[in-house]
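Undergrad: Take this structure, written in structure tokens, and hold onto it; I'll ask about it next.
The values are calculated or read from the model by the stated rules, or taken from the named source; none is laboratory data. The structure displayed is predicted, hence computed values, not measured ones. Here the Cβ positions follow ideal geometry from the backbone for every residue, glycine too, while neighbour counts run over all protein chains shown.
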Amino acid sequence: MSTAGLRATLSGAQAARLRIAIYALLIAAFILLRVFRVQAAAPALSILTIAAILVSLPALSRIARLLSLIFLASGTAMLMATGVTLSGYVGAYGQMAHLVALFCLVPLLALPVRLGGYGEAISTVLRGRLANVSRLNMLVTLLAYACGSFMTMAAIPIMFTSMKPVVDTTPLQDRLRFMASSVTANHLLSMLWSPVSGVLAAILTGLRVGWFEIIGIMLPLSVLALLANWLLFQLMEPGSTQALPPAAGLPGGQQLTQARQRLLQLAGVILLLVAVMVGLEQWLRLGLVTVVVLATIPFTLAWSIAIGRGRPFVSAALTDLGLRLPRMAEIFAIFLCGGFFASALNMSGYVHQANEGLLALRQVLGAGPFLMALPFATLAASLLGMHPLVAIAVLAESLQPDVLGIPAPQLAIVLTGSALLTYMMGPFSGTLAMVSSITNVSTWRLARWNLPFALAYTACLLLAIGFMQLAGTGAR
């Protein structure tokens, strides 16, 4: 290696270590402020947010850097126009720190799945005797739905690895399209209600809505969309209900029974996770995001110890964080800059003008059509390059339900549902980017593959919005 190359490698490693240190300190300051109420951590959180943005900017792609700078420039201009002091300007930083902490820690939930051999259990069950391709689709989508409820995007590589040996032996018209669409569309559906869902947590926190206020709509909506996907698959895949010939190399009865028991254990862990997170949020009243950040490491460690993998988990967690944190520059920069922009909107008073503009639009359209238009507006923003969760998070932090005359739970449901539509169809979403990296298929082509399922999901979402309007309630 040349001297210049060695110097570049060393400087890159030093920059990565610096990002790790600042990101870790930022998360620690957030926990001190939100959990332990240490008010001295508030200025430290603001300063660390500025530092995190500065060390992240050089590592960003052009689009991410442009978006971050737009947020910074717009927020700074609004605050300068109102004559804010230097301390007030610095204090505007730190919003959405809860989201970056969430994105750092939630992927650790995937480690016990890997260490405990649950991925192999999924593959074994899929290789079991299946009557037809339609049954295979049902099983795959159910597993993707279950894994997505607590592993979020980490469910994608696990499901692809488990599915491929099985799908390669089936008479599907397009095997790659089947894997991409079934995993993408269905792992997202559980994020409508899952406590560890980043989009749901961001919206509930921004609008100050409780989990129990939306679950009565969100859980049935996700199940309805899942059933719609099953029906749509049968219509789109000719011969999906025809019996499959016996395949070679089927797992034995005992092996299949053990794999099913493993998956039942996984289902029990998912239910326990939901109960723990929601129970802690009701008890501590810290907000769902803070509770998930606080409980993720103890929960995953306890899970790993229960399956006899405690020590490997600690080693794997440290390695995972060491490798993953330096690569999270875009998430830290975009969300922290977006948080500054939302804070500047509120501090400067421009948020009232934005809400008044939306109120005028709502009065022209009516509450129902206004809410039904939001999913298409967020999808349009994502097609223009805006990260869907950033747009939704800024909206959740800025919209005022009382000004708009819309119950906060209804607004939370519509914004969450809108975000998931952009995850399915937005070519710049992280979900499609991950699937693209696995399949070597462009995100635009993946979006086209997802279109039928996205249309079915949109119909279910609009149906839910219409039901809420007819019921005339918050969402309880």
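Undergrad: Looking at the stretch 91-129, which of the residues that are of a type in the set (Lys, Arg) and within 15 Å of THR257 (Cα to Cα) is modelled with the lowest pLDDT?
TA: ARG129
Undergrad: Oh, and also: Report whether or not PRO58 is in contact with a helix residue (DSSP H, G or I) (Cβ under 9 Å, 6 or more places away or on another chain), assigned to a helix (DSSP H, G or I), surrounded by fewer than 19 Cβ atoms within 10 Å (Cβ to Cβ) and modelled with pLDDT under 95.
TA: yes
Undergrad: Could you please find all residues in the stretch 124-143 being more than 22 Å from ASN229 (Cβ to Cβ) and within 28 Å of the chain's Cα centre (by Cα)?
TA: THR124
Undergrad: Please enumerate the residues belonging to the stretch 428-476 that are in a loop (DSSP other than H, G, I, E, B) and out of contact with any Gly (no Cβ under 9 Å at 6 or more places or on another chain).
TA: SER429, ASN440, VAL441, SER442, GLY472, THR473, GLY474
Undergrad: I've got another one for you. Tally up the residues in the stretch 280-293 that are out of contact with any helix residue (DSSP H, G or I) (no Cβ under 7 Å at 6 or more places or on another chain) and either modelled with pLDDT of 90 or more or at negative phi (or both), please.
TA: So the answer is 2.
Undergrad: OK, next. For the stretch 53-86, which residues satisfy the criterion of being farther than 18 Å from GLY349 by Cα and among the polar types (S, T, N, Q)?
TA: SER56, SER61, SER68
Undergrad: Right, another one. Here are the criteria: (1) modelled with pLDDT of 90 or more; (2) closer than 20 Å to GLY75 by Cα. Tell me which single one ALA391 does not satisfy.
TA: (1) is the only condition that ALA391 fails.
Undergrad: Go through the stretch 132-154 and give me each residue that's over 9 Å from HIS187 (Cα atoms), at pLDDT 90 or above and either among the β-branched types (Val, Ile, Thr) or not in a helix (DSSP H, G or I) (or both).
TA: Result: VAL140, single match.
Undergrad: Still on this model: Starting from residues that are hydroxyl-bearing (Ser, Thr, Tyr) and within 13 Å of ASN186 (Cα to Cα), keep the ones in the stretch 413-461 and report whichever is farthest from the chain's Cα centre (by Cα).
TA: My answer is TYR457.
Undergrad: Across the stretch 68-121, what is the total count of residues that are crowded, with 21+ Cβ neighbours inside 10 Å and either of a type in the set (Asp, Glu) or part of a loop (DSSP other than H, G, I, E, B) (or both)?
TA: Counting residues in the stretch 68-121 that are crowded, with 21+ Cβ neighbours inside 10 Å and either of a type in the set (Asp, Glu) or part of a loop (DSSP other than H, G, I, E, B) (or both) gives 6.
Undergrad: Looking for whichever is more than 12 Å from the chain's Cα centre (by Cα), farther than 13 Å from GLU281 by Cβ and either assigned to a helix (DSSP H, G or I) or at pLDDT below 95 (or both) here; the options are VAL199, VAL223. Which one fits?
TA: The unique qualifying residue is VAL223.
Undergrad: Mind checking which residues of the stretch 216-245 are free of Cβ contacts under 8 Å to residues at least 24 places away in the same chain and surrounded by 18 or more Cβ atoms within 10 Å (Cβ to Cβ)?
TA: Residues satisfying the conditions do not exist here.
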